[in-house]
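The values are calculated or read from the model by the stated rules, or taken from the named source; none is laboratory data. Computed from a predicted model, the values in this text were never measured in an experiment. Neighbour counts run over all protein chains shown; Cβ positions are idealised from the backbone, glycine included.
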Amino acid sequence: MKNNHHINSQEINALIKLVEDPDPIVYHQVKEKLISYGKEVLPRIEQTWVKVVDNDYHQERLNDILREIQLEDLKTDLKNWKESSTRDLLKGAIIINKLQYPNIDQTEIEEEIELIKQKVWLEINEDNTAFEIVKIFNHVLFDIVGFKPNKTNFHSPKNSYINTVLKQKKGNPLSLSIIYSIIAQRLKIPIYGVNLPNQFVLGYLDENRTLKMLDASTDRNVLFYINPFSKGRIFNHNEIEGYLRSLNLPLKANYIEPCSNTEILKRMLKNLAYAYLKVGQTDKVKDIKDLELIL
């Protein structure tokens with residue numbers, strides 16, 4: 001979609017002026033042309049947007065073009081993420097963050113995560129058991145840093161965006177789990193997301209095959225589970241089984257075992273689509289559906 005032609009300032013300025021043209025055909029052509037330039041024209045459009053503050057009609061049209069360019073950019077980022085070998089979870093969450101905050105500062109988020117990671121790292125030592133490590137994690141994340149579940153505005157879109165969750169220290173089960181597992185994995189601790197129906201939790205992987213030693217017939221890979229939405233409460237396999245039974249669901253591996261980062265981003269988009277639908281922002285829901293198709 002993006003043309004790599006050199007940006008001609010006069011042409012851009014002329015096109016931006018034409019955005020006001022009442023003829024829908026002219027406007028459509030101008031819009032397509034500006035979108036084809038890609039994100040390089042964003043600063044120009046933003047400058048004009050500020051200048052035409054008294055002209056709602058012009059601003060609305062500029063808004064529309066801004067949104068389309070930003071969405072195209074986001075789609076490209078998401079495609080590249082999907083094709084990357086790592087599919088890094090934090091990078092993926094930051095890309096989705098651009099849906100609401102296109103000018104988000106990635107380094108700020110990275111630094112915030114790094115700070116929390118340092119706090120946990122200082123408390124942990126080599127001899128800690130898996131159980132003790134999680135106790136330390138819970139203490140740092142929930143008591144010291146102060147993360148808590150957002151139960152009052154559970155369906156707010158803000159609960160899904162990593163920058164607002166880091167700022168407000170409040171989130172939904174998925175966003176709190178994402179932050180928890182990103183920090184764990186950066187400390188080489190095997191904590192991964194588990195995609196339960198109607199609930200998202202974490203699993204502490206049995207890397208030393210302890211369960212196999214105790215019972216050779218077991219095919220379980222998770223030592224125990226953690227629920228960041230209830231301040232990191234630890235629970236076992238039987239509770240997961242009971243939960244699935246209460247929903248009349250089978251004990252499928254993809255409910256009990258860690259899921260991929262792609263599954264996590266899909267779930268994030270689902271949560272967002274539901275949140276925006278609840279507040280009647282249908283244009284956002286449409287954009288999210290486009291992103292879901294990429295994944």
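What the table shows:
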| item | result |
| --- | --- |
| Test for I178: is it at pLDDT 95 or above and assigned to a loop (DSSP other than H, G, I, E, B) | no |
| Residue pairs meeting the criteria (Cβ under 6 Å; at least 6 apart or on separate chains; first modelled with pLDDT under 95, in the range 215-242; second small (G, A, S)) | V222/G203; L223/A130 |
| Residue satisfying all of: in the range 136-157; touching a residue at least 40 places away in the same chain (Cβ under 8 Å) and either in a loop (DSSP other than H, G, I, E, B) or among the charged types (D, E, K, R) (or both); nearest to S230 (Cα to Cα) among these | K148 |
| Filter pass, Q29 being surrounded by fewer than 13 Cβ atoms within 10 Å (Cβ to Cβ) and either over 22 Å from K286 (Cβ atoms) or in the same structural domain as I96 (by TED's automatic domain parsing) (or both) | no |
| Single unsatisfied condition, N128 versus (1) more than 21 Å from I179 (Cα to Cα); (2) surrounded by 15 or more Cβ atoms within 10 Å (Cβ to Cβ) | (2) |
| Selected residue (only one of E68, E112 is assigned by TED's automatic domain parsing to the domain that holds C259, under 30 Å from M268 (Cβ atoms), surrounded by 14 or more Cβ atoms within 10 Å (Cβ to Cβ) and of a type in the set (D, E)) | E112 |
| Residue within the range 52-60 that is among the hydrophobic types (A, V, I, L, M, F, W, C), over 16 Å from L166 (Cα atoms) and surrounded by 14 or more Cβ atoms within 10 Å (Cβ to Cβ) present | yes |
